[in-house]
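Here the structure is laid out as structure tokens; the discussion comes afterwards.
The values are calculated or read from the model by the stated rules, or taken from the named source; none is laboratory data. The model shown is predicted, which means the values in this text are computed figures rather than measured ones. Methodologically, a virtual Cβ is constructed for each residue, glycine included, from the backbone with ideal geometry; neighbour enumeration extends over all protein chains shown.
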């Protein structure tokens, strides 16, 4: 979690060692004794916790280094395009994810130990928006002759199509809805995800040569057997677009009781222009926040025709409100109930705060008991009571029952899959099982990714698609799937960077030269170890004293008050400008990778550590060590802010 504001405002000083620390904590450290240790610097690449926390596997540290113009682009490319290429290697939706991802990377950021996390989302949004404005495109890989059917055009399916085309495989995308985007289009309102930018990021993927078959349902319009015959592999990325009803008396078959997923789909398709007078939503996650925020923006019509009731629009799929309805709308009374207290709700803290500002009443620590109906069979109220939580099970508190009037009750307590016609894949819970490589167990050639495995974040679906495509690629090459790395994200590759900078090692000739060491050889990358696939570097292995507390560059938000919210559909997040974005990127502590601060060079008492010649220098190869001078004093390691230097060479 982010550091509290009161902690950020304190004057903080940092010392790696305290007075009286004269003995090593661990017996293995006792060998680190001055010039008798025979240990010299080794440069160790490890994964920063932001990347380790990112479900899509972003190489965050790298593209932040590019944005602050520390890592130089390849020849002939400007930094904005280079940052875009690096960021989209794992996630092709920087503009979208920079806006709506709840950013577990920021919770994991080591900068929280200094004052406040790096605003990774805001930098990602800038990368995505500037790429759209510049018209950057994706390129497909050389054609392999292989074809893959991707079922579902949401975040997982589109991300998989991007990764497959990048590898040169043919892709046909089957989507039941009229448009692509899945929950990005049909689940999240346009004031959070601007549709013109969503369309641009989707079109960029389609332009790679993806064949799209919209309004086509596999299992109804196309048989699975035909796909198995026509394609080399199949990826199921169906998503979960069926909402769960409330498990309480009175819910079933009540016309004005609807799911949050259906409510948002009706709004995002442009069919629902107004809602009810009194709307009650049960949830506490992101979907419920979107429901209540949309309801406050839509408002209601005082004397509505029964055929225009919002539940008919939501349930029918074809009924559409007349645009004139919106012009006559008045504000709606909107209530959100949650089992958990506000501070424990699943929705992001700032989203909960925004909903309150917009005039939503939040009743936390409350559980629904019963839908109360009128003589016509429609819901008129929801009976609730206070509750305590035993894990995920609510326990009612006797004597706290109360009734909330409601014209529309919306359940936003979870989502499920729709596997009608695909019963052979149903694991009994309306979902599809996956192994660690995202294969469907017992069905060779079938793979799966996204919410249909287990509903989670958009970025989780995108990350699963990346791994699934690697598995598909291996499968189509008739190779054996290996064990996935412990830290299964995209990693900076020093060898790729050296090749890009035309600094790759020379050809190795075993018949020439002294082979007893490689510290001065040109055929090896010496004095470097890549542990990024095995280790995440914690804050206590950094020299935090190097970093000056620097306020975060925070995006402003256009959050309307309760009096302004009706009809307010402007984009909520206001992007940072280029200067702010670069300043924010400079707050990154580059955990686990050299960021060229010169501390080791300046503080080495033997002048053993030196800068690499400019024409031989690149990211990860900025400093080197003359081992004929090094005495193993550990000063370079102690003053390295990023934890890139460890005393290990010589064992």
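Below is a table of values for the structure above.
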| quantity | calculated |
| --- | --- |
| Every residue from the range 69-105 that is crowded, with 24+ Cβ neighbours inside 10 Å and closer than 24 Å to residue 545 by Cα | 71, 105 |
| Single residue of the range 635-651 satisfying the filter (surrounded by fewer than 18 Cβ atoms within 10 Å (Cβ to Cβ) and touching a strand residue (DSSP E or B) at 6+ places or on another chain (Cβ under 8 Å)) that is modelled with the lowest pLDDT | 650 |
| The range 221-244: number of residues that are over 22 Å from the mean Cα position of the chain (by Cα) and at pLDDT below 95 | 3 |
| Residue count, the range 609-631 (criterion: assigned to a loop (DSSP other than H, G, I, E, B), touching a strand residue (DSSP E or B) at 6+ places or on another chain (Cβ under 6 Å) and touching a residue at least 40 places away in the same chain (Cβ under 8 Å)) | 2 |
| Residue within the range 586-602 that is surrounded by fewer than 14 Cβ atoms within 10 Å (Cβ to Cβ), without any contact (Cβ under 8 Å) to a residue 40 or more places away in the chain, over 27 Å from residue 116 (Cβ atoms) and in the same structural domain as residue 506 (by TED's automatic domain parsing) present | yes |
| Check on residue 258, within 33 Å of the chain's Cα centre (by Cα) and either under 30 Å from residue 389 (Cβ atoms) or assigned to a strand (DSSP E or B) (or both) | yes |
| Out of 172, 144, 216, sole residue that is in a strand (DSSP E or B) and surrounded by fewer than 24 Cβ atoms within 10 Å (Cβ to Cβ) | 172 |
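Table: residues versus (1) under 23 Å from residue 589 (Cβ atoms); (2) at pLDDT 80 or above; (3) part of a loop (DSSP other than H, G, I, E, B); (4) under 28 Å from the mean Cα position of the chain (by Cα).
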position	(1), (2), (3), (4)
495	no, yes, no, yes
498	no, yes, no, no
502	no, yes, yes, no
507	no, yes, yes, no
512	no, no, yes, no
516	no, no, yes, no
522	no, no, yes, no
534	yes, yes, yes, yes
540	yes, yes, no, yes
